[in-house]
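Chemist: This is the structure, below, for whatever I ask next.
The values are calculated or read from the model by the stated rules, or taken from the named source; none is laboratory data. Source: prediction; values computed, not measured. Backbone-built Cβ (ideal geometry, glycine too); neighbour counts: all protein chains shown. These accessible areas exclude ligands, DNA and RNA; they are computed on the full protein's heavy atoms, side chains included. Shrake-Rupley method; radii C 1.70, N 1.55, O 1.52, S 1.80 Å.
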Amino acid sequence: MIELSLHILDLIENSINAGADEIKVLLDVNEENDLLTLTIEDNGKGFSVEEEQLFDPFYTTKTSKVVGMGLSLAKSSAERAGGEVVIGRSKDLGGAKVVLTFVLSNIDRIPIGDLGNSIAGMFVTNPNINIKIYIILNNQTQLSIHTKEYREKFSDKSDIEIYPLLAEEINNVIKALKV
Ligand SMILES: Nc1ncnc2c1ncn2[C@@H]1O[C@H](COP(=O)(O)OP(=O)(O)O)[C@@H](O)[C@H]1O
Ligand SMILES: [Mg+2]
């Protein structure tokens, strides 16, 4: 995958498929540790099968013919940049937790990409989902948005009108990270 935002879309889609309506996306950039950590947690049904199976590119619990690639692609992106993927249960939300790490300075680390439009796209297409997005740089919170609250804040606007505001606010923070 060429952008981290595309992995994030895949992982959010996994959460939605698992029945989640609360999804936490935490992007943590730590220059001192030379690490970019992405954590996705949800309140869905959680992982039910063996970890080895989940990272098999042909494993899926979907009944459609689309094979499962999301987790295995995320794993190869992370590993190519000196990182890893760890899965488990979210203490906070009760469902699944997926943690991807990347070595910041690794030349094979993929860029974050257009996270704003990815999240805003999920916001308009899945209006019942609350996405909580946090962006942290060197232990300082740069952004904290709950899409449900964001919608309430702009209660005079439709989701389609909120879309570019949300996308821009996220992307401005991403740009300022300069990574
Ligand atoms: N957030 C999640 N909650 C519960 N199960 C999950 C989650 N993400 C992935 N899984 C399980 O891992 C499998 C593989 O995921 P993935 O590699 O993205 O393929 P796909 O989504 O196409 O099935 C899914 O079919 C599902 O069983
Ligand atoms: Mg998937």
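Chemist: Quick one: is residue 24 part of a loop (DSSP other than H, G, I, E, B) and either surrounded by fewer than 22 Cβ atoms within 10 Å (Cβ to Cβ) or at pLDDT 95 or above (or both)?
Modeler: no
Chemist: For the subset of the stretch 17-30 comprising residues that are β-branched (Val, Ile, Thr) and within 12 Å of the chain's Cα centre (by Cα), which member is nearest to ligand 1 (Cβ to nearest atom)?
Modeler: The extreme case among them is 23.
Chemist: For residues that are among the charged types (D, E, K, R) and either assigned to a loop (DSSP other than H, G, I, E, B) or in contact with a Leu (Cβ under 7 Å, 6 or more places away or on another chain) (or both), scanning just the stretch 93-113, find the one that is least open to solvent (accessible area, probe 1.4 Å).
Modeler: Of everything passing the filter in the stretch 93-113, 109 is least open to solvent (accessible area, probe 1.4 Å).
Chemist: Given the conditions (1) out of contact with any helix residue (DSSP H, G or I) (no Cβ under 7 Å at 6 or more places or on another chain); (2) surrounded by fewer than 19 Cβ atoms within 10 Å (Cβ to Cβ), which single one is not true for residue 57?
Modeler: Result: residue 57 passes all but (1).
Chemist: I'd like to check something: does the stretch 75-92 contain any residue that is within 13 Å of ligand 2 (Cβ to nearest atom) and either part of a loop (DSSP other than H, G, I, E, B) or open to solvent by 60 Å² or more (accessible area, probe 1.4 Å) (or both)?
Modeler: Yes, because at least one residue in the stretch 75-92 is within 13 Å of ligand 2 (Cβ to nearest atom) and either part of a loop (DSSP other than H, G, I, E, B) or open to solvent by 60 Å² or more (accessible area, probe 1.4 Å) (or both).
Chemist: Working carefully through the options 68, 94, 88, find the one that is modelled with pLDDT of 95 or more and either farther than 30 Å from residue 165 by Cα or within 12 Å of ligand 1 (Cβ to nearest atom) (or both).
Modeler: After applying the criteria, what remains is 94.
Chemist: Could you list, in sequence order, the residues of the stretch 149-178 that are aliphatic (A, V, I, L, M) and either open to solvent by less than 40 Å² (accessible area, probe 1.4 Å) or in contact with a strand residue (DSSP E or B) (Cβ under 6 Å, 6 or more places away or on another chain) (or both)?
Modeler: If the condition is that a residue be aliphatic (A, V, I, L, M) and either open to solvent by less than 40 Å² (accessible area, probe 1.4 Å) or in contact with a strand residue (DSSP E or B) (Cβ under 6 Å, 6 or more places away or on another chain) (or both), then 162, 166, 167, 170, 173, 174, 177 are the ones that fit.
Chemist: Okay, moving on. Which residue is farthest from the chain's Cα centre (by Cα), if the candidates are limited to the stretch 31-50 and must be surrounded by fewer than 21 Cβ atoms within 10 Å (Cβ to Cβ) and more than 15 Å from ligand 1 (Cβ to nearest atom)?
Modeler: The extreme case among them is 32.
Chemist: A further question follows. Quick one: residue 118 ticks every box in (1) away from ligand 1 (no atom under 13 Å from the Cβ); (2) over 18 Å from residue 171 (Cα atoms); (3) buried (at least 19 other Cβ atoms within 10 Å of the Cβ) except a single one, so which number is it?
Modeler: Going through the list (1) away from ligand 1 (no atom under 13 Å from the Cβ); (2) over 18 Å from residue 171 (Cα atoms); (3) buried (at least 19 other Cβ atoms within 10 Å of the Cβ), residue 118 breaks only (2).
Chemist: Another question about this same structure. Please verify whether the stretch 35-43 includes one or more residues that are touching a Phe, Trp or Tyr at 6+ places or on another chain (Cβ under 7 Å) and more than 26 Å from residue 171 (Cβ to Cβ).
Modeler: no
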